[in-house]
Structure formats: C-alpha cells, structure tokens
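The values are calculated or read from the model by the stated rules, or taken from the named source; none is laboratory data. Keep in mind it's a predicted model, so treat the numbers as computed, not measured. Cβ coordinates were reconstructed from backbone atoms using ideal geometry, including for glycine residues, and neighbour counts include every protein chain displayed.
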Amino acid sequence: MSLESFAFNSLIYLSLGIVVILGIGLVTVVTLYLIDITQKRHTIRRNYPVIGRFRYWFEHLGEFFRQYFFAMDREELPFNRSERSWVYRAAKNENRTIAFGSTRNLTEPGTVIFMNSAFPTLEEDATQAAPLTIGPYCQKPYTAPSFFNISGMSYGALSRPAISALSKGAAMANCWLNTGEGGLSPHHLSGG
C-alpha cells in the first residue's frame, strides 16, 4: 500500500466518520425538536424547541457565574435571585415554606429575623409593639408608631387598586407608606 492510497483511504474514512457524526447529531436535534413541540409540561421548550433546553443548564451554571463575575445573590433589582427562585418554586407548586437562607450576617445583636409561621398569630396572642423613638436625645425626637413600613416603590407602574390597597393596609398596620419618586397621589391618601 503506497503512501498516496493510505492518505486517500484515511481521508475517505475520516469523511465517513464526520458524515456519521453529523447524521447522528441531525437525528438527535430532530428528535429533540419533535419531543419539545409535542410536550405540554414546559412552555419554554415548547416555544423554543431544542435551544430552550439550554435554559436549565444556564440557570444551573448561572449561580457560579454570578458569584465570580457578576452580582451576588441579593444585589439584583428589583427582585434578587433568592426571591425569583422562591417565585419559580411557587409557580411549579413546589415547597415554598423552606427558609430563604441569607448571605447576610445574622449573628449581630439587633438583627431582625422573620420566622416562618404555618399559621398567623391570633389576635388575643399578639403583643403590641413599642413605638420606635428616633433621636431620643434631640430637642424634638420623633416617635414612629411602627418599626416596619412600606418602602418606596415604582408606584407609577402599579395600578390604582394596588396603591389604594397598600394605603389601606398601611393604615390598618399603623405604619408609613413611602410614595417613592412618583410623588403623592389621591390613591396614596385613600387609606386615611
């Protein structure tokens, strides 16, 4: 066997190998496409056949990329990764009573920790919170009736019923309602 025939045969076998690999890849992609467009469980895979499967892989790898290259779990706005993960679990009707976990130091004295409760506290078991005094040694200290309040949100994106509900809830809880950058509207005042 001469060198030329060996090179020619090698080239033929290499070409056949590449064609077989491409054929297997094409059959695999077509099979995945047909599976994805006919299944009814995942809308991402149904709307974006084959490439929608990469979402789960990227979502899994995302926590490693965020940790080293982008943002930490609680730096993303308006909803951080922990909150979105909880919403995804709730949407899939999975267990949503598990603790969020925290990347913050919770061992410092005075750190507020919300504990999960399967049932709300009964009215007769509730204790009245003491008012919070801001600037107790000032000439005119301010005493706030509530420690927790409703922070400023993009109220321009919220509907009138949503703002009214927040206003009425703040009135019931005796807490502040921050109007945010949008300013005060009649809906903010509907709670009293």
Next on the checklist: Cβ-Cβ under 8 Å, sequence separation 6+ or interchain: first residue in the range 113-140 and at pLDDT below 85, partner surrounded by fewer than 10 Cβ atoms within 10 Å (Cβ to Cβ). Which pairs?
Outcome noted: 113/106; 116/97; 116/99; 118/97
Checklist entry - So is residue 19 β-branched (Val, Ile, Thr) and farther than 25 Å from residue 56 by Cα or not? => result yes
Checklist entry - Condition test on residue 52, is it in contact with a helix residue (DSSP H, G or I) (Cβ under 8 Å, 6 or more places away or on another chain), modelled with pLDDT of 80 or more and not assigned by TED's automatic domain parsing to the domain that holds residue 178? => result yes
Checklist entry - Can you name every residue in the range 139-190 that is hydroxyl-bearing (Ser, Thr, Tyr) and either touching a strand residue (DSSP E or B) at 6+ places or on another chain (Cβ under 7 Å) or part of a helix (DSSP H, G or I) (or both)? => result 142, 143, 155, 164, 167
Item to check | Candidates 192, 183, 135, filtered to the one that is more than 27 Å from the chain's Cα centre (by Cα), loosely packed, with under 12 Cβ neighbours inside 10 Å and under 20 Å from residue 78 (Cβ atoms) | outcome: 183
Next on the checklist: Take residue 84 and tell me if it is at pLDDT 75 or above, outside the structural domain of residue 153 (by TED's automatic domain parsing), among the charged types (D, E, K, R) and more than 14 Å from the chain's Cα centre (by Cα).
Outcome noted: no
